[in-house]
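The values are calculated or read from the model by the stated rules, or taken from the named source; none is laboratory data. Here the structure is a predicted model, which means the values were calculated and not measured. Note: ideal-geometry Cβ built from the backbone for every residue, glycine included; neighbour counts use all protein chains shown. These area figures cover heavy atoms from the full protein model, side chains too; ligands, DNA and RNA do not enter into them. Shrake-Rupley method; radii C 1.70, N 1.55, O 1.52, S 1.80 Å.
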Amino acid sequence: MASDTSAIHPVDEKLPLWRLGAYGFQHILAFYSAAVIVPILVAGALHLPQETLIHLIDADLFTCGIASLLQAVGFGPVGVRLPLLQGVTFTAVGPMIAIGSAVGGGTPGLLSIYGSVIVAGIVSLLIAPYFAKLVRFFPPVVTGSIILVIGLALLPVAANDIVSGHGPGMVQDRVPLRSLCYGLGTLASIVIVQRLFRGFIATIAVLIGLCVGTLAAWLLGDARFGGVASAPLVSVTRPFFFGTPVFHVVPILSMVIVMVITMVETIGNVYATGEIVGKTITREDIARTLRADGIATLLGGVFNSFPYTCFAENVGLVRMTGVKSRWVVAAAAVIMMLLGCLPKLGAIVAAVPSPVLGGAALAMFATVAVVGVQTLTRVDFNRQSNVIIVGTSIGLGMLATAQPHISDTFPAWAQIVFGSGITLGALSAIFLHLLFNVRRTLAVDPDAEIVPADLPDERILMGLPVEARKSEETERQRGFG
């Protein structure tokens, strides 16, 4: 009996129920602020009512649970069966806001987003077995450019919320002082927490900042929690709650690009987790992981949520605690599904005032840009082609961000591309890389093992330590920038 027990890998160890619950709840605490911030940001940008935001938060938590079960428990060829918690990818925030805003925001904006998310999930599922070979087409010069453009293009959205504005494309000539104080005070709270604390407290700095800002607004009469009393005690999210999704080619293309970047990030998290738990990651493991991401994203579009990926902060938690059992994540998934059925919890989060949200968003969006800069540090800028790729992509992305009305001069089918700095910058990075570096890319051995150092690392978003990478050695291995 003892030998059978010792033969069980720590990843597959089934802990006592009380320990599963305690460790699972710990994962949720590390994950919660990042989980709810995406629906809050999207709802704020699309000017959705509080009731809609409550439902988005509940749907997000519920679908996070389903996605995490797919990844950690696994079903047939789906799921890597490692302690990986799933959540909505930050990379999708900007494109989703652009897609929703292009049709006027509100519920029509959500339906356009869900149509693109559903198709992107299906595409991810279909290409999962082949993606390990496609990674070579998305080196740091491409992924870094896209992530940097995403971060920069989102900053006007955060600034608009801070000044209680009427849209990121409009200049506000009179800024309410109280709104500015809420926004900057929230930002200051986040910075102070990150400066004074380490470990778990540092990872929830955004959540603490939101609580501090909302508390200050409540004391001054600018935050109201009347919606908590009127929200139902228990509710289960229904498929297509807001109506039938709308499918358009350009939004779908934008979301597919997001999923490609997300898949690259997911591979990095799988490698990191494999190192932590002591399991060798194979190409079949990568395919299983990406299949789960694709199905979870498809379900996200059906159940009124968004694209899913492995969450980096929970990878760090596995390393920090040494608890490697995937059943802990399964327990966290069940708890999340239960939380997703409690609308009153979502109503509390939905009461966060817009300027407070803007202060937190400013920190988050700027950090996304930093992740892009971090990725670009692995690019050889002595090669002129890489300078052109990054410079042109950022330039086009900022052109459409600073002057969104340039899209008005184009046909309707092209307006979402030219009206979104993120989409325009991303497409520019991809096509310019193929134009300048296609020979080097095709020369890389398609059967060579993936180099984890080439993959984007979102851990910096959560305040987690990022290990140094040997960029020069990596470039020699891959043969291009």
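Sort 228-236, 214-222 for me by packing, meaning the mean count of neighbouring Cβ atoms within 10 Å per residue, highest on top. Provide the component values of the computation, followed by the final result.
Numbers: 228-236: 12.3, 214-222: 14.9.
For the peptides 228-236, 214-222, the packing ranking is 214-222, 228-236.
Across the range 424-436, computed HN-Hα scalar couplings (Karplus, 6.51 cos²θ - 1.76 cosθ + 1.60, θ = phi - 60°) run 5, x, 5, 4, 4, 4, 5, 5, 5, 4, 5, 5, 8 Hz from first to last residue, x flagging Gly and Pro. Taking the alpha-carbon centroid of each part, what is the distance from the range 8-65 to the range 221-299 in angstrom? If you average the Cα positions of each part, the centres end up 11 Å apart.
Extension gain for Ile8-Ala402 works out to 136.2 nm (0.36 nm per residue, less the C-alpha to C-alpha distance). Computed from backbone phi, the HN-Hα couplings of the range 231-242 come to 5, x, 6, 9, 7, 10, 5, 9, x, 6, 4, 8 Hz, rounded to whole numbers (Karplus: 6.51 cos²θ - 1.76 cosθ + 1.60, θ = phi - 60°; Gly and Pro given as x).
The packing ranking of peptides 287-298, 46-57, highest mean first, is 287-298, 46-57, where packing means the average number of other beta carbon atoms within 10 angstrom of each residue. Per residue, the range 323-410 exposes an accessible area of 37 Å² to a 1.4 Å probe, with every protein chain left in place.
Amide hydrogen proximity for Glu13: with H placed 1.01 Å from N in the peptide plane, the residues at 5 or more positions away or on another chain lying under 5 Å are Arg326.
A cut-off under 11 angstrom between Cβ atoms defines the neighbours of Ser235, and their net charge, with Lys, Arg +1 and Asp, Glu -1, is +1. Overall shape: prolate for the range 245-314, with the ratio a/c of the largest to smallest alpha carbon gyration tensor axis at 1.5 or above and a/b above b/c. Scoring 12-18, 376-382, 99-105, 86-92 by mean Cβ neighbours within 10 Å over their residues and listing the highest first yields 86-92, 99-105, 376-382, 12-18. Relative intensity of the range 1-132 on a log10 scale, I(q)/I(0) at q = 0.17 Å⁻¹, equals -1.03, per a Debye sum over C-alpha point scatterers of equal strength in the absence of solvent. Mean projected area of the Cα convex hull of the range 77-155, taken over all directions, amounts to 7.0 nm².
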